[in-house]
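See structure below.
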Amino acid sequence: MLRPAGLLVLATVSGWAQAEYKLNFQEPATKLARDVYDLHMGMMYICAVIFVIVFSVMFYSVFKHRKSSGRAPATFHESTKVEILWTIIPTVILLLMTWPVTKTLLQMRDSSNAEITIKATGYQWKWGYDYLKGEGEGIRFMSVLATPNEQIHNTAPKGEHYLQEVDNPVVVPVGKKIRVLTTANDVIHSWFVPAFAVKQDAVPGFIRDTSFRADREGIFRGQCAELCGKDHAYMPVVVEVVSQEKYTAWVAEQQKKMAASAADPNKVWTLPELVSRGEAVYMQNCVACHLPTGKGLPPVFPALDGSKIATGPKAGHMEIVINGKAGTAMAAFGKQLSDADLAAVVTFERNAWGNKTGELVQPSEIKAARK
Amino acid sequence: MEATVPGHADTHAHGHPPSGLMRWVTTTNHKDIGTLYLWFSFAMFLVGGMMALTIRSELFQPGLQILEPERFNQMTTLHGLIMVFGAIMPAFVGFANWMIPMQIGASDMAFGRMNNWSFWLLPPAATLLVVSLFVPGGAAAAGWTLYAPLSVQQGMGMDMTIFAVHILGMSSIMGSINIITTILNLRAPGMTLMKMPLFVWTWLITAFLIIAVMPVLAGAVTMILTDRHFGTSFFNAAGGGDPVLFQHVFWFFGHPEVYIVVIPGFGVVSQVVSAFSRKPLFGYASMVYATASIAILSFFVWAHHMYTVGMPVGGQLFFMYATMLIAIPTGVKVFNWIATMWRGSLSFETPMLFSLGFIFLFTMGGFSGLVLAMAPVDVQMQDTYYVVAHFHYTMVAGALFSAFSATYYWLPKWTGHMYNETLGKVHFWLSLVFFNLTFFVQHFLGLAGMPRRIPDYALQFSEFNQISTIGAFGFGLSQLLFLYNVITCIRSGPKAPAKPWDGAEGLEWELPSPAPYHSWETQPTVK
């Protein structure tokens, strides 16, 4: 019993010895983040000085004015002069603080004259990005946690960027002002990149905005900051800041990819084709709630294996996947996925686990089912 | 002063009160009800503490070890609700029940039967919260703030939580009506408002805050209930509502609530510091005015909890300036406490140690609050562990430490015995060290960008989370010493004199220890 405990302590302590302590904000990557950093340091120093002065007085009293030293207590108990003095001095200090803070806040909230506008949509539990304006207009993709499940459940060693890595990062050019519009599909999320001093809640049904202008290239990592349910810890935000040339190349590559993936709407798919594509879609979009086994976590996240919807008429199944279910975490995937992906995932669900319906849904049927 | 001390004859004065369990179920005696509140509060403190330790165990290492995320979110939600509504608030209502009548020279609380009912509403509410862990879908998992639309999504555990919040709110409101009526009507002749002990003053102000804001919370959770089941769309944009509306209503309750939790503690500390400095409280009137100012300002700062929701910049500026204003009366209180100690004749028994710990650590919480008040800085810190560290400095080192201070201070009066002083001091020093080990490092986690309410985190946050978990277990275990000390003090211990603290002032010390079941049947006169 003692030995493992001792080993644990040893491992812990040696872990600390190697650790790179992070005692402060992340290294700023925008001018605004630098201003916020400096503002915080300034506040800290002011607070520290006041703290030391006030508590030196208290501890002087604690050590000098002891009963054990045989002293009789003084009897004074009020002084209007002193009270006025220690009301006015803090007021003056606070007034002096307001100016730099107000200035930084006004800069932070100014998102005008942006060169590129990107919409970030929070979904339970991933981010979707639409490049709305500027170079790259029209690009859209989902950005999902790339850390494998085995690492989360401790059956594989954790990678360097555990939980702060995604399949498709947001890519932006260095030195350009980027405006980010945030919204959400289901509950409130929050788009948070510490190195940019950007945190903006994403409220379903409303559009908010924030902005940043990165002054150096690099990969900047953050994550959702507003509790959004079960997998709140698993929806990172990764922004890759690249040079203008690389950005132009990335835009071209994305546009090519998008053109290629727009599958021929009239193509008739076979069952194995749909099932294999559907499994990939399922693993990205459905697995968090309904689990790889299709058993879900009833009653909040129902089982699909053997469910009435997934084994009943196709129309009902398509309807819930496309339109979601109000008042639950079941999202309307019609807004997120293409006809082909929807057809594939519905087909997969109707043929996976114990659901052996043998039925397949074609993309054209999804197109017809969309209202 | 005529200090009538009713002897043993008084036990027959109101017929024969039932004994055994029925004594506690039917009691209308303020001391019995105070005792019930205090034991209930301690039981909830242990339940909420176990949840905290479960949370900290999961966070000892990155990865998921003992809890799935959904369970983890249930734990953080219930930990918050139980600690605020089950542990801290009832503890101070317990002190109020015991001490306010004795301190103002009243024979009991104004409404004895309502007092009984306010207490007995609590156990069913607490049961609803705890049992909700075991219903299908588990307990509410939207955080103690119950933000919509996440809270609209949840299972029946959320409905049980809403019902529990309604019941707890009713209990608090009844308790507050009782406290206000008692203070305003039952003071002994000569006990003018500006002669009342600070604990009575702070409770008078707190009771008004409770009556003002608990109905607001009840409204907020009722809107969630109707959004969940009756087709309304208060918080659903698709039906013309707004999710952010919930946050405005919630924090209109929530910010005054944090002062509800801590203001009675200000009263305790004021009395304890004065007693152990053997000097009258410095600036009594300014203390009263500062407390009232804090209470009034607390209604104008709620949206500083919401700087990142995307309100207009003018709104951010207003709430930022209003929040900074609160630093002024809070500072005045700290200065007054220190001036009270200045050139006093200080001794450091356990109540004094906890009060000094309160002043020192609460001030740190105040400073981190000032940093958080600055909207541009807060954008970095909102919903990170910095906020968690900040509010535990005010809730644990603030409210809880002052509750310990109050318990040690008045325990001889309640039990007739002295507690074990050495053990009390050990309890203080262990609490102080482990508290800081747990929460100080969380400032660093927050600065580095670790969000709150996550069961799993990136690797760079590992070390400080480990330290914090070790601290939490140390803190939790230290509280068993307190339990042991209180139980031995009730059962045995040296006989306490009527006034065990030579510097203490107030009517309660003119009653014998233990205080008789019915005290001040003849009102004393205060000169």
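Annotations for the structure displayed:
- Over 32 Å between alpha carbons, listed pairs A:Lys103/A:Lys335; A:Lys176/A:Lys335; A:Lys246/A:Lys267; A:Lys158/A:Lys267; A:Lys199/A:Lys267: A:Lys103/A:Lys335; A:Lys246/A:Lys267; A:Lys158/A:Lys267; A:Lys199/A:Lys267
- Extending 7 Å from Cα along the Cβ direction at A:Thr87 and again at B:Leu480 yields two label points whose distance is 5.0 nm.
- Modelled label reach - A:His77, point 7 Å along Cα→Cβ, region B:94-110 residues with backbone N closer than 19 Å: B:103-105
- Relative contact order of chain B, defined on C-alpha pairs under 8 angstrom at six or more residues apart (%): 21 percent
- Cα gyration tensor shape of region A:172-215, rounded if a/c is under 1.5, else prolate or oblate by comparing a/b with b/c: prolate
- Within straight-line cross-link reach of A:Lys81, lysines at Cα separation under 20 Å, skipping those fewer than 8 residues along the same chain: B:Lys279, B:Lys333
- Prolate/oblate/rounded label for region B:423-480 (Cα gyration tensor, a/c 1.5): prolate
- The percentage of C-alpha pairs in region B:32-506 whose separation is greater than 36 Å is 26%.
- Once backbone amide H atoms are built at 1.01 Å from N, A:Ile139 has A:Tyr131 as its partners under 5 Å, excluding neighbours fewer than 5 places away on the same chain.
- Going from the residue with the fewest nearby Cβ atoms within 10 Å to the one with the most, B:His427, B:His417 rank B:His417, B:His427.
- Distance between modelled label sites at A:Met44 and B:Trp429, nm, 7 Å Cα→Cβ extension: 3.1 nm
- Each of B:Thr363, B:Phe282, B:Ala403 was placed along the dipole of the protein assembly as shown (beta-carbon charges, centred on the mean Cα), and the one lying farthest toward the positive end is B:Phe282.
- Distance between modelled label sites at A:Arg216 and A:Val287, nm, 7 Å Cα→Cβ extension: 3.6 nm
- Gyration tensor (alpha-carbon) shape descriptor, region A:271-369, a/c threshold 1.5: rounded
- Longest segment of chain A lacking GluC sites (Glu not before Pro) that sit in a DSSP loop with at most 11 other Cβ atoms within 10 Å: A:161-371
- Pairwise centroid distance, computed over Cα atoms, of region B:411-461 with region A:36-111, Å: 25 Å
- Of A:Leu342, A:Leu94, A:Thr311, farthest towards positive along the dipole that unit charges on Lys, Arg, Asp, Glu beta carbons give chain A: A:Leu94
- FRET efficiency, 1/(1 + (r/R0)^6) with R0 51 Å, evaluated for A:Lys31 and A:Glu365 via beta carbons: 0.45
- A Förster distance of 22 Å, applied to the separation of the beta-carbon atoms of A:Ser69 and B:Lys495, puts the FRET efficiency at 0.15.
- From the alpha carbon centroid of region B:270-309 to that of region B:141-205 is 18 Å.
- Amide H to amide H distances under 5 Å link A:Ser190 with A:Ala202, A:Ala225, A:Glu226, where only residues 5 or more positions off or on other chains count and H is placed in the peptide plane.
- By the count of neighbouring beta-carbon atoms within 10 Å, fewest first, B:Lys333, B:Lys499 end up ordered B:Lys499, B:Lys333.
- Computed Kirkwood radius, in angstrom, where 1/r is averaged over Cα pairs of chain A: 25.0 Å
- Cα Rg, Dmax, region B:147-197, angstrom units: 19.2, 57
- Helical runs assigned H by DSSP (4 residues or longer) give chain A a calculated mean residue ellipticity at 222 nm of -13500 deg cm²/dmol, each run adding -39500 (n - 2.57) before division by the residue total.
- Neighbour counts of other Cβ atoms within 10 Å put B:Tyr517, B:Tyr385, A:Tyr131, B:Tyr393 in the fewest-to-most order B:Tyr517, A:Tyr131, B:Tyr393, B:Tyr385.
- Per-residue [θ]222 nm for chain B (sum of -39500 (n - 2.57) over DSSP H runs n ≥ 4, rounded to 500): -22000 deg cm²/dmol
- Distance cut-off 49 Å, percentage of C-alpha pairs in the protein assembly as shown lying past it: 26 percent
- Residues of region B:95-115 with amide N under 13 Å of a point placed 7 Å along Cα→Cβ from B:Glu521: B:107-108
We did not get these values from a lab; they are worked out from the coordinates using the rules stated. These figures come from a predicted structure and were not determined experimentally. All Cβ positions, glycine included, derive from the backbone under ideal geometry; neighbour counts span all protein chains shown.
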